[in-house]
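Student: There's a structure below that I have some questions on.
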Amino acid sequence: MKKLCITTISILGACLLSTYANAASFDCNKAATWVEKTVCDSPELSKLDETMAKKYKSNLATSSNYEDSKVFKDRLIANQRTWLTFQRDTCKSEECLIREYKEYIEAQANYGVAWDFSDELSRSDLPSKNAFGNFSQKSQISLYNSGTQRWEDTGEATNTVSIHSVANKPYLSIIEGVLVFTNAHTCDLGESKAIWSENHWVINDDQPDKAVELRLYPALYKGQIQLLLRDIDNQYRELHCGMRGYFDSIILEREVR
């Protein structure tokens, strides 16, 4: 009987070891969401999660080297929360998670992520109604006064992005937007066709010598549906808005009607 108990305990211990082998950067015993459970169940994702956490901790540790270390550290923390909310936690497949982790770790984009066979998407793969609508954000505008050689606030402007559905093609949208930047420089997105790609809209405007991609991630953030703009490698704004327009990581809130 004693031998049987020892054998049973040994088997149980082996099972526990295999369960916790993919420990990730957090306690897998407390994994509650689909994303957390998927990370824990996948050896590849577990390793990516650990690497991501190490990079984040390293960035925080070096933030003290900057002149305004507190501001830099606060920005790092905010960017991390944004990535988790809008990019990682909106994924619904392992492939999507792997892409988001790798882009975070490598600090470069994996292009060509849009669906190749959009007509064959299941209902769960398609964007929800919250991925459409009007999104806006108030922005403080500053102008440079050459006389005083100072930047001066001149009031507020409203950044707007509208995502319109396309009849009988739920994986497509038409995106319009006007963004206002420092020195009142304005960027008009025009009427751009976007395709849904797992957890975001993507506008592709590839050039002969480079890939140009603007992504728009909708997510529930701070109790509101909001939209994160990701200008991959800042190529989109350079092509369409000039060097003075910079809108990567801008977050706009969905207007409720």
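Throughout, read-outs are computed from the coordinates displayed, never taken from laboratory work. None of the values given here were measured: they were computed from a predicted structure. Ideal geometry is used to build each Cβ from the backbone, glycine not excepted, and the neighbour counts take in all protein chains shown.
Student: Give me Rg over Rh for segment 20-106, both radii from the alpha carbons and Rh done the Kirkwood way, two decimal places.
Tutor: Reported Rg/Rh (Cα atoms, Kirkwood Rh): 1.01.
Student: While we're looking at this one, here's another question. Over segment 118-254, what is the relative contact order in percent, taking alpha-carbon pairs closer than 8 angstrom and at least six residues apart?
Tutor: It comes to 20 percent, rounded to a whole number.
Student: Could you tell me the relative contact order of segment 208-254? Use alpha-carbon pairs under 8 Å, at least six residues apart, and round to a whole percent.
Tutor: After rounding, I find 37 percent.
Student: Separate question: Taking other Cβ within 10 Å of each residue's Cβ, how do 257, 81 sort, fewest first?
Tutor: 257, 81
Student: Let me ask something else about it. Using a Förster distance of 25 Å, how high is the FRET efficiency between residue 78 and residue 110, based on the Cβ-Cβ distance and rounded to 0.05?
Tutor: The pair residue 78/residue 110 has a calculated efficiency of 0.55.
Student: Calculate, in nm to one decimal, what residue 141 and residue 233 gain on full extension: separation in residues at 0.36 nm each, minus their alpha carbon distance.
Tutor: My answer for the length gained is 30.7 nm.
Student: With label points built 7 Å along Cα→Cβ from the Cα atoms of residue 26 and residue 130, find their separation and express it in nm.
Tutor: Here the answer is 1.8 nm between the modelled labels.
Student: How big is the convex hull of the Cα atoms of segment 118-254, per residue, in Å³?
Tutor: 120
Student: If we count other beta carbons within 10 Å of each Cβ, what is the order of 142, 93, fewest first?
Tutor: 93, 142
Student: Here's a follow-up. Which GluC sites (Glu not before Pro) in segment 54-96 sit in a loop by DSSP (not H, G, I, E or B) and have at most 15 other Cβ atoms within 10 Å of their own Cβ?
Tutor: 67
Student: To continue, here is another question. Arrange the following residues from fewest to most other Cβ atoms within 10 Å of their Cβ: 185, 240, 200.
Tutor: So the ranking, lowest neighbour count to highest, is 185, 240, 200.
Student: Also: How high is the relative contact order of segment 17-97? Use alpha-carbon pairs under 8 Å, at least six apart in sequence, and give a whole percent.
Tutor: The normalised contact order for segment 17-97 reaches 24 percent.
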